[in-house]
1. Among the candidates Leu190, Leu230, which residue alone is closer than 30 Å to Asp270 by Cα, within 14 Å of the chain's Cα centre (by Cα) and free of Cβ contacts under 8 Å to residues at least 60 places away in the same chain?
2. Hey, which of the helices (runs of 4 or more DSSP H) in segment 236-342, taking only ones fully inside, have at least 1 residues that are small (Gly, Ala, Ser) and farther than 30 Å from Val206 by Cα?
3. Report, by residue number, each residue of segment 198-251 that is in contact with a Gly (Cβ under 8 Å, 6 or more places away or on another chain) and aliphatic (A, V, I, L, M).
4. Leu176 fails exactly one of the following numbered conditions: (1) in contact (Cβ under 8 Å) with a residue 24 or more places away in the chain; (2) surrounded by 13 or more Cβ atoms within 10 Å (Cβ to Cβ); (3) out of contact with any strand residue (DSSP E or B) (no Cβ under 8 Å at 6 or more places or on another chain); (4) in the same structural domain as Gly71 (by TED's automatic domain parsing). What is the number of that condition?
5. In segment 94-144, how many residues are of a type in the set (Lys, Arg) and in contact with a helix residue (DSSP H, G or I) (Cβ under 8 Å, 6 or more places away or on another chain)?
6. Every residue in segment 140-180 that is among the basic types (Lys, Arg) and closer than 21 Å to Pro5 by Cα, please.
7. Within segment 119-130, can one find any residue that is out of contact with any strand residue (DSSP E or B) (no Cβ under 7 Å at 6 or more places or on another chain), assigned by TED's automatic domain parsing to the domain that holds Gly21 and either buried (at least 20 other Cβ atoms within 10 Å of the Cβ) or farther than 25 Å from Tyr3 by Cβ (or both)?
8. Yes or no: Thr297 among the polar types (S, T, N, Q) and surrounded by 15 or more Cβ atoms within 10 Å (Cβ to Cβ)?
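The values are calculated or read from the model by the stated rules, or taken from the named source; none is laboratory data. Everything numeric here is computed off the predicted structure, so don't read it as measured data. Cβ: placed from backbone, ideal geometry, glycine included. Neighbour counts: every protein chain shown.
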Amino acid sequence: MDYNPKVSIIIPTYNRAQYLGQAIKSALNQDYPNKEIIVSDNASTDNTFEVVKQFMNYPEFKYFRNETNIGMVPNWRKALYEYATGEYAIILSDDDFFVDKSYISKAIKLFRENPTLGLVHANCIIWYQDKGYALKTLYQLPNIINGREYFFNFGLNYPGPAFCTTIFNTELAKKLEAFLEENPSTDFLLWLKMMLFSDVGFIKNVVAVYRKHRNNISSNMDLNIHLQNLITVTKPAEMAKQLGLDNMLIEDWKEKLVKSYIVHSLRIPDLLKVYNKYDIKLSQILKRVFKELIKYTIVFFIGYKNFYLVKESIYEKFYRKKLNYSVVRDKDYIAKLLSGGI
């Protein structure tokens, strides 16, 4: 008889009643038999409880509410350390949802067949809700990747695992003090630490929707928060040194990721304030400004969706290669996903 380890699907929430029901339904619809769905409510003041009430009769469903808002990352940490009882866990944001009903089953099968795995992730749909288009990631990675190989290719040749698809070993995550740091990219920080001690699994299926909108934390970060967020790279780099890995390789990796983050994530006025400190060339800034100027000029005339369709066609026709994503062409596709029609 196959052993089915328990999986905790953790849904932290705060004032997103309009999205929460979809996330919960998609978790309950997972066909994996041994799961618990945990909603950790960070003292919502909207009608979150009215949404939650309709799921209270499901035996695998658990609802917890903080008396006060303790902050986003502490809420993740509390749910993982105090409420979750699974051998594996995934944190599903309250505005995201699964679209592959057998994803948990596929991931656990991969874990069972490969005991060295610490985390498994997959392709997803990135839905730019406010801009009216969606992109489907098309990463073609091996099913099993050596953790340290992934570590040194993170954000370079290998993508950062999407939060809404990443299932992880809870024991290892806790040993590595998961979500102790409160930086916005604390999920990537955890994945990098785990990669130093375990391997990474990948499933090619599109399994979840990551909803991007103007209220995402990543859309509203000031310069100080961005600079604090560099711990995502610097802390794993120090850990890698403590493990005796090649110092020059680590420093080169750290420099590439830090520079890439600074150049591509900061607003241009903020970038101009710090580029000297991080040894970034003005030519890199001008290149970004030029690319953004072209992009937003084209978007002004034809819209985001058509811009990415044109870009996709250019790459296939002139560069003879595919991008790591494709534009979702069906205008009703997301609506069908939301209604359970796909």
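1. Numbers: Leu230 fails: within 14 Å of the chain's Cα centre (by Cα).
Leu190 is the lone residue from the list that is closer than 30 Å to Asp270 by Cα, within 14 Å of the chain's Cα centre (by Cα) and free of Cβ contacts under 8 Å to residues at least 60 places away in the same chain.
2. Answer list for segment 236-342: 282-318.
3. At the first step, the residues of segment 198-251 found to be in contact with a Gly (Cβ under 8 Å, 6 or more places away or on another chain) are 198-200.
Passing the criteria: only Val200.
4. Failing condition for Leu176: (1).
5. Filtering segment 94-144 for residues of a type in the set (Lys, Arg) gives 101, 106, 109, 112, 131, 136.
Among the residues that remain, those that are also in contact with a helix residue (DSSP H, G or I) (Cβ under 8 Å, 6 or more places away or on another chain) are: 131.
Final tally of qualifying residues: 1.
6. Result: Lys174, Lys175.
7. Yes, that holds for at least one residue.
8. Details: among the polar types (S, T, N, Q): yes; surrounded by 15 or more Cβ atoms within 10 Å (Cβ to Cβ): no.
Judged against the criteria, Thr297 is not a match.
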